């Protein structure tokens, strides 16, 4: 079977907050992460489709930086969801890229993947 993903996924253990379109927030843990999306486990069952906002928490405390991402839920089964990233600001993009480069065995892999367009929009301030 041919691999459909263009971007490598990396297993991670990090916390996030998912805000659904109608404003409901729920805690989540990121299971794997790429430059274009993530698989996460939510504290409660999430809605199957629709836009959301993901706040990736880069550290243990609230004083650590977060990456704010507009995303779309592409698959949801119970507490497990897959999201596609749609928009993030340039600073968040750089934090995510650096984090994934450090998480991979070779930062070159991420660099090579970024040669093709991500089709992410800049997050409005």
Review point. Applying the selection to the range 62-78, what residues are under 15 Å from residue 15 (Cβ atoms) and at pLDDT 90 or above?
Key: 67, 68, 69
Practice item. Any chance you could count how many residues in the range 47-61 are at pLDDT below 90 and either in a loop (DSSP other than H, G, I, E, B) or touching a helix residue (DSSP H, G or I) at 6+ places or on another chain (Cβ under 9 Å) (or both)? Key: 7
**Study point:** Filter pass, residue 76 being surrounded by 14 or more Cβ atoms within 10 Å (Cβ to Cβ), over 14 Å from the mean Cα position of the chain (by Cα) and on the phi < 0 side of the Ramachandran plot
**Key:** yes
Review point. Hey, does the range 103-123 have a residue that's modelled with pLDDT under 85, more than 11 Å from residue 35 (Cβ to Cβ) and buried (at least 17 other Cβ atoms within 10 Å of the Cβ)?
Key: yes
Review point. For the subset of the range 14-38 comprising residues that are out of contact with any helix residue (DSSP H, G or I) (no Cβ under 8 Å at 6 or more places or on another chain) and under 14 Å from residue 100 (Cβ atoms), which member is surrounded by the most Cβ atoms within 10 Å (Cβ to Cβ)?
Key: 38
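The values are calculated or read from the model by the stated rules, or taken from the named source; none is laboratory data. In this text, all values refer to a predicted model and were calculated from it rather than measured experimentally. Note that each Cβ is placed from the backbone with ideal geometry, even for glycine, and that neighbours are counted across all protein chains shown.
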